[in-house]
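Encoded as structure tokens, the structure appears first; notes follow it.
The values are calculated or read from the model by the stated rules, or taken from the named source; none is laboratory data. Here the structure is a predicted model, which means the values were calculated and not measured. We place every Cβ from the backbone using ideal geometry, glycine too, and count neighbours over all the protein chains shown. Heads up: the accessible areas ignore ligands, DNA and RNA and are worked out on the full protein's heavy atoms, side chains in. Shrake-Rupley method; radii C 1.70, N 1.55, O 1.52, S 1.80 Å.
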Amino acid sequence: MIWYWYHRFGHEINIFWGFHVVHHTSEEFNYTAGTRITVFQAFVRTAFWAVLPVIGFPPAMITTMLIIHGFYPFFTHTQLIGKLGILEHVLVTPSHHRVHHASNEAYLDKNFGDMFIIWDKLFGTFAEEKETPKYGLTKQLGSHSFLWQHFHYLVELAYAVKRTPGVYHKLKIIFGRPADFDPELRGVAEKRFLSKHKVRTRSQKFRFYAVIQFALMVTTLFFLLLFEHYIATYIQIMVALTIFVTLINCGAILEQRRWVFYIEFMRASLIVLITFYYFPHPTTFLFLSALTVACLAYFSNLQKQYLSIIYGR
């Protein structure tokens, strides 16, 4: 029941929806959708879980519950499994969760349960899957940007608070319902923060490049988590930053942004720092320094060549 109310608040209170919305931005419903969470959402979720030891649950039981709870959503985020008969009356099934992720008007704010559907039936938020779900937000984002997907609603919320007079009315917006939020603020925020300048492409090579980057990033993250106890903290931070920059890079490439080269340069700099950590020899330092100086000297030409290669210009 704690999860039910945590999840329901995430849909019915603006500030919590700002943390949770990224989980619903995907227009595809598959296992990857289950991994879409933000750091903010993880903190809020932990705050709700913190109630369990306070009301008397032992640590071993909480740990076991969290492990099971962590794996279960991968079962529900799929279109491959149909309805499951008698289990539909008790457990949250893929059918129930498809309803939750749908933007159909009849399905909005339904099926908040994570393992048991009984809470939705008890509190009046249950809906059965009847019509074909349409996934994503009711007003879908016009951007593939990793950062924008994570922070767009918080930016919109900040605009709303800024233009509203009085502390009471500001708090009313922050803790109000997303259903009552002014949809026009999306356009205002996008006009302010999203660049309209794109490269005119002649090929689709940039899509393949983005997929390769993403695959390498996931593989790197897997090994980072697998061997984290054997990797120095400095390298963990550098690799985490590289993964973060790569996510931004993938979104920028899919939107055909010219400034993606600056992100590439930033990522290359992180790789240089990682390389020097493992090979701290004066020769390595001189070679990397010379390479960096050369790249800066021919920065403009490198940028043109890079954009020509990935965008086919």
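Below, the figures for the structure above:
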item	result
Placed amide H near ARG258: partners under 5 Å, 5+ positions off or other chain	VAL199
Solvent-accessible area per residue, Å², over segment 227-313 with all protein chains present [probe radius 1.4 Å]	61 Å²
HN-Hα J in Hz across segment 172-184 - Karplus 6.51, -1.76, 1.60, θ = phi - 60°, x for Gly and Pro	5, 6, 4, 9, x, 9, x, 5, 9, 6, 5, x, 5
Cα-based convex hull volume of segment 16-72 per residue, rounded to whole Å³	82 Å³
Pairwise Lys count, the chain - Cα closer than 15 Å, eight or more residues apart or different chains	7
Per DSSP, loop trypsin sites (Lys or Arg not before Pro) in segment 161-255 with at most 11 further Cβ within 10 Å	LYS196, LYS198, ARG200, ARG202
Cα-centred dipole magnitude for the chain, charges only on beta-carbon of K, R (+1) and D, E (-1), debye, nearest 20	1200 debye
Probe 1.4 Å, all protein chains present, accessible-area order of ASP180, ASP109, ASP114, largest first	ASP180, ASP109, ASP114
Estimated 222 nm signal from helices in the chain, with DSSP H stretches of n ≥ 4 weighted -39500 (n - 2.57), rounded to 500	-19000 deg cm²/dmol
Shape category assigned to segment 225-313 from the gyration tensor of Cα positions, a/c cut at 1.5	oblate
Lys/Arg +1, Asp/Glu -1 at C-beta; the chain dipole; positive extreme among GLN256, VAL51, LEU137	GLN256
Percent accessible area from carbon and sulfur atoms, the chain, protein chains only, probe 1.4 Å	69 percent
Reported label for calculated log10 I(q)/I(0) by the Debye sum over Cα atoms at q = 0.15 Å⁻¹ given (1) -1.49; (2) -1.09; (3) -1.34	(3)
